[in-house]
1. Can you give the log10 of the normalised intensity I(q)/I(0) at q = 0.29 Å⁻¹, computed with Debye over equal Cα scatterers of the stretch 220-266?
2. Just want the ordering: W447, W347, from fewest to most Cβ atoms lying within 10 Å of their own Cβ.
3. Suppose we keep just the alpha-carbon trace of the stretch 244-296; what are its Rg and Dmax in angstrom?
4. Per residue of the stretch 279-293, what does 6.51 cos²θ - 1.76 cosθ + 1.60 with θ = phi - 60° give for ³J(HN,Hα)? Whole Hz please, x for Gly and Pro, Karplus curve as stated.
5. For the pair F408 and L498, what calculated FRET efficiency results from E = 1/(1 + (r/R0)^6), where r is the Cβ-Cβ distance and R0 = 45 Å, to the nearest 0.05?
6. Amide H to amide H, which residues 5 or more places from I248 or on other chains are under 5 Å from it, using H placed in the peptide plane?
7. Any idea how far apart S218 and D73 come out in nm if each label point goes 7 Å out from Cα toward Cβ?
8. Suppose the chain between L484 and E261 were pulled fully straight at 0.36 nm per residue; how much longer would it get relative to their current alpha carbon spacing?
Amino acid sequence: MGLFSALTLSLNSLISDPMSIVSSPSQLSDRLIRHEFTILIPAHNEETSIGSKVLIAASYADRVLVLDEGSTDRTMEVAALGGARVVPISGGEEALLDVLYKASLDSELAVLIYPECMQDIDLLSHVLEPLRHGFDLSVGSWPCRISCEQETVMLFNGKSTFKEKIGFLAITANSLQKINSGRDHLTLKSLLSAAKTEGLNVNYLSFDVDPIFRKLESTRIGVVVPAYNEELLISETLSGIPEYVDRIYVIDDGSIDRTGEIVKKFGDSRIVYLRHEINKGVGAGIIDGYKLALKDEMDIIAVMAGDNQMDPAQLPRLIFPIIEGRADYTKGNRLLTDDFMTGMSKWRSFGNLLLSFITKIGSGYWQVMDPQNGYTAISRQALEVIDLDSVYPYYGYCNDLLIKLNAFGMRVMDVVMPARYGRERSKINYGKFIRKVAPMIFRGFLWRLRVKYTVLDFHPLVLFYFLGMVALPAGVLLGLWGFLQILLQNFLPSYYPLLCFLVLGTGLQMLLFGMLFDMQVEKKRNERVGLAR
């Protein structure tokens, strides 16, 4: 069986049954002297994780070498129990490549993989695939984006690969022996330079800034772009959406300018265009975008308005907490940044702070600020538990969405980010907006108490809230009536002021107790989630 036929069989078997091809120590010792595929893993004090890494490597290769760099724990013992051969080394990079060269003397293919790369089993497939198509050497960093066309290895930040830690290196034995001929010691830089000098066919993998970006490749991400008369900025918005986004849902909410025409001519195959013949409101547009994304089975759906106000560079910060299982819904928070207050009028800032306080009470997410920030991301699982048709269709949709998410126990996280203001103009009239949205939040608050604390579960805080909402207005009315009687010089019993303060104080106290218990429920739920993780 040829080398790459064996690799193909190994990869296919791994997909169907990962445990079926893990080699046991006895199996490894019974291999032929000439190995088809050797994997080398540097390790230092990795007692708790080296075992799983050895098993992953053994599911691909017929020989695994753990290069122990002076561990003081049981790393070597655990690696040996997993079926690996342990090779103590010292001398850094040159020592690693020296062992790699020696391994190539009795192996057709040698792969050096640093420990952080072993966390993602798919990475090995990316390393090996170019060698199956005629490449002599496959080299890159963790994480990677496949690109077999680059003549030089460059990071996204413009730095040379040589200044970064290589995550993996896969090379055929003949190529490595050709490179090492006549050279005393190899370094990664000299190896790559020699490969170019020798005219080897080298596959370079480009790089992301943060290792966690690797996870974006296995996540289906959609972006909803609500747009209403955005002909000046819609093109900039679409151009800025990152390449790792799988679908872009542009919802044209009855625009009467050239917005739709620009979107249709934009030329991005990821775009799904939907037009409302009449203006239904930004909330209705986003909900329609959510529905399309659910139909396409997107894993995470973000919202980026068509006015280019939302910085694409901040999108990963919204997505990663969901990928990592730390949140179901993330949203931007500009209230903690100085430029937010600088870019906003005092009236608009006050309105946003007031809405934040009202939304905290209504939604039960006491840690959430800047509720009108539309830069959000949500998991498919969270969307599937919500009746999307019941979400408020206008600018208050984000407040209503928070209320519904809390009722069903979804985790919400604020992501602090700077405000970005350019040529866009806010369409929100905060005076009118608060008058319309505040009653909606109050109705949503009552609905949340009923669903969360009486239907799905029971908590006595609903009684405290009920008593507070009865006693506090009653105390205010008694006070106003008493004040009116004083103005009219009518007789009032001597105990009347005390009665007013008693009713008023009781109502306020009941409301505060209700809020306190509501906070504790949310805090305990977060603690349980943290322990479960």
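1. Result of the Debye calculation: -1.12.
2. On the way: W447 16, W347 10.
Ranking W447, W347 by Cβ neighbours within 10 Å, fewest first, gives W347, W447.
3. According to the Cα coordinates of the stretch 244-296, Rg and Dmax are 11.1, 32 Å.
4. Coupling constants for the stretch 279-293: 6, 9, x, 4, x, 5, x, 5, 4, 5, x, 4, 4, 5, 5 Hz.
5. Working: r = 44 Å, r/R0 = 0.98.
About 0.55, to the nearest 0.05.
6. V223, I271, V272
7. 2.3 nm
8. Working: separation 223, 0.36 × 223 = 80.28 nm, distance 6.31 nm.
Difference between extended and current length: 74.0 nm.
Only the coordinates and a few stated rules stand behind these numbers; no lab work does. All values derive from a computational prediction rather than experimental measurement. Positions of Cβ are backbone-derived with ideal geometry, glycine not excepted, and every protein chain shown enters the neighbour counts.
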